[in-house]
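> Got a structure for you, questions after.
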Ligand SMILES: [Zn+2]
C-alpha cells in the first residue's frame, strides 16, 4: 500500500521522482478496483479531505518544505491534484456506463479484460427499458395565417355554414365572366394576375389564370347544389399587387355566400356584425359604406371600430376610429343568371356574399407590422405563436 513519503530533497529532480512514484501507485490501485464498494474506498484513500493522499501531500510536502522550495513543491502538487481527481472520476465512469473513451490513455488493459469490457458495452447498448417515457417529437403549431383562417371558418361553421374549396388555377369564366366581369370590363384591371402561357388557341373564357379571389367558388358551389346555400370558402389567391407593408402578390381570403328566399341586407349586416364580435370581442362595432363590386348589388365596404383605441382615434386607425376590413354585398341578379338552370331564379331567391383578407385580420389581431413576416418563415417571428 502506498504511503506519502517525507521529502528530504526538494530539488526538481527529487520532486519529479516522488510524483512519478505516486502516479505509479495510483495506476496500480486503479486496476484493483472492480466494483462500487472498492471504488468508494479507493476514492476515499486518495481524495478524503481528512486523511486522503492529496491532503497528506499538503501536510508532508508543502507545509514542511523550506521557504525557498515552497514554490516548486506547490507547482508539483498543483500538477498532481487534477490528475488524481480525473483518474478517480474516470474510473467511476468506466464502471457505471462503460465507454472506451473514458479509459485514460496510457493504461494498459489486458486482452481478456478488454473483451469483457466490450461485451459490457454491447449489453449496455442492447438494454431497453420499456418503462421509460417515449422520446417526444415536437409537432409544431399552426402558422398564424392558417390559425386565423381556421378561426374565421369556425365562426361561420357555428352559424350553420358549410366549408368549400376550389381550384387555385381557375378559368377566366369562373374568375371573371360568371361574376359579372365581362371581357374588357375595367373592373378586371383592379385584379390583374398571372395567366397560364400557350392558351391562345382556346376560347377566352376557358383560358387559365391564377385566381384573384375565392369568389369563383360561389359559382362552382351554386352549380353543384340548388338553393339554399350557406358556405364559407377559405383559400389562396394571387394578384399583381406590388409588395408593401400590407399587400402581397399572394394572400389568403375567406369567402362567404348565403342564398335563400327572403335574404336581405339586414341578414348580411347581422351576420357580419356577429362574426366580427366573435373574432375581435363583443365591444367591437361595425358600419357599412357604399362600394362597388361587379358581382354584388348593392355593394358595401364594412368597417370595424378600431380595436386598438376602441373608436376614440389613434395612429393605427389614422384617427378616424374605424378600420376598413372587408367587402360585401347582395348577390347581383346577373350572377344568378349564370346558374339559373339550377334553381337560382333572381325573382325567387336572394343572397349575400362577402370576402375578407385573412392576412389583414391576422395583422390586426396580432399587431404585425409587415405582411412579409408571414411568408419569410423566420422562426424568431413564428415561434411567438407557439
Ligand atoms: Zn384607433
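> Take the alpha carbon gyration tensor of the range 88-231, find the square roots of its eigenvalues, order them as a ≥ b ≥ c, and report rounded if a/c is under 1.5; if not, report prolate when a/b exceeds b/c, else oblate.
Details: a/c = 5.11, a/b = 3.16, b/c = 1.62.
Note, shape of the range 88-231 comes out prolate.
> Could you give the angle, 0 to 90 degrees to the nearest 10, between helix 265-280's Cα long axis and the longest principal axis of the Cα atoms of the chain?
10
> Quickly rank 141-151, 212-222, 259-269 as a protection proxy: mean count of other C-beta atoms within 10 Å, highest first.
212-222, 141-151, 259-269
> In Å, what Rg and Dmax follow from the Cα atoms of the range 247-340?
Radius of gyration, then largest Cα-Cα span, for the range 247-340: 15.1, 48 Å.
> Under the classification rounded if a/c is under 1.5, otherwise prolate if a/b is larger than b/c and oblate if not, where does the range 1-59 fall, given a ≥ b ≥ c as square roots of the Cα gyration tensor eigenvalues?
oblate
> Taking every eigenvalue of the Cα gyration tensor of the chain, multiplying by 5 and rooting it, what semi-axes result, largest first, whole Å? Each step should come with its number before you reach the end.
Values: eigenvalues 1397, 127, 81 Å².
Calculated on Cα positions only, the semi-axes equal 84, 25, 20 Å.
> I would also like to ask the following. Taking R0 as 35 Å, what FRET efficiency do you get between residue 9 and residue 114 from their Cβ-Cβ distance, rounded to the nearest 0.05? Mind showing how you got there, number by number?
Values: r = 40 Å, r/R0 = 1.14.
So, using R0 = 35 Å, E works out to roughly 0.30.
> Taking the simple approach of a point 7 Å from Cα along Cα-to-Cβ for both residue 83 and residue 60, what is their distance in nm?
1.6
> Once each part is reduced to its C-alpha centroid, what is the distance from the range 169-202 to the range 253-271 in angstrom?
The distance from the Cα centre of the range 169-202 to that of the range 253-271 comes to 26 Å.
> I would also like to ask the following. Given contacts defined as C-alpha pairs under 8 Å and at least six residues apart, what's the relative contact order of the chain, whole-number percent?
On the way: 542 pairs, mean separation 49.8, N = 386.
Answer for the chain is 13 percent.
> Suppose R0 equals 22 Å. What FRET efficiency, 1/(1 + (r/R0)^6) with r the Cβ-Cβ distance, do residue 163 and residue 267 give to the nearest 0.05?
Values: r = 20 Å, r/R0 = 0.90.
Using R0 = 22 Å, I get an efficiency of 0.65.
> Counting C-alpha atoms alone, how compact is the range 154-223: give Rg to one decimal and Dmax as a whole number, in angstrom.
13.8, 46
> What relative contact order, as a whole-number percentage, does the range 45-84 give when Cα pairs under 8 Å and 6 or more residues apart are counted?
28
> While we're on this one: Which value in nm describes the separation of the simple spin-label points at residue 334 and residue 378, placed 7 Å from the Cα toward the beta carbon?
That separation, rounded to one decimal, is 4.4 nm.
> Sorted by mean Cβ packing within 10 Å, highest first, what order do the peptides 345-354, 184-193 take? Please report the intermediate quantities before stating the final value.
Numbers: 345-354: 18.4, 184-193: 13.5.
In decreasing order of mean packing, 345-354, 184-193 become 345-354, 184-193.
> Of the peptides 165-173, 28-36, how do they stack up when ordered by the mean number of other Cβ atoms within 10 Å, highest first? Display every interim value, and only then the final one.
Values: 165-173: 16.8, 28-36: 12.7.
Taking the mean over residues of other Cβ atoms within 10 Å, the ranking is 165-173, 28-36.
> So what is the relative contact order of the range 297-383, in percent, for Cα pairs below 8 Å that sit 6 or more residues apart?
For the range 297-383, the relative contact order is 22 percent.
> Bin by bin, in steps of 10 Å, what percent of the Cα pairs in the range 1-134 do you find, going until the bin that has the longest distance?
For the range 1-134, the binned pair fractions read 10, 36, 27, 16, 7, 3, 0 percent.
> Given points 7 Å out from each Cα along the Cα-Cβ axis, report the residue 200 to residue 154 separation in nanometres with one decimal.
5.2
> Also, I was wondering about something else. If a/c stays under 1.5 just call it rounded; otherwise compare a/b with b/c (prolate if a/b is bigger, oblate if not). Do that for the range 300-386, with a ≥ b ≥ c from the square roots of the Cα gyration tensor eigenvalues. Write down the numbers at each step before the final one.
Working: a/c = 4.33, a/b = 1.82, b/c = 2.38.
Here the range 300-386 falls in the oblate category.
> Given a Förster distance of 30 angstrom, what is the FRET efficiency for residue 121 paired with residue 2, based on the Cβ-Cβ distance and rounded to 0.05?
On the way: r = 31 Å, r/R0 = 1.03.
E between residue 121 and residue 2, to the nearest 0.05, is 0.45.
Values quoted throughout were computed directly from the atomic coordinates according to the rules given, and no laboratory measurement underlies them. Nothing here was measured: the structure is a model prediction, and the numbers come from that model. All Cβ positions, even for glycine, are placed from backbone atoms using ideal geometry, and neighbour counts span all protein chains on display.
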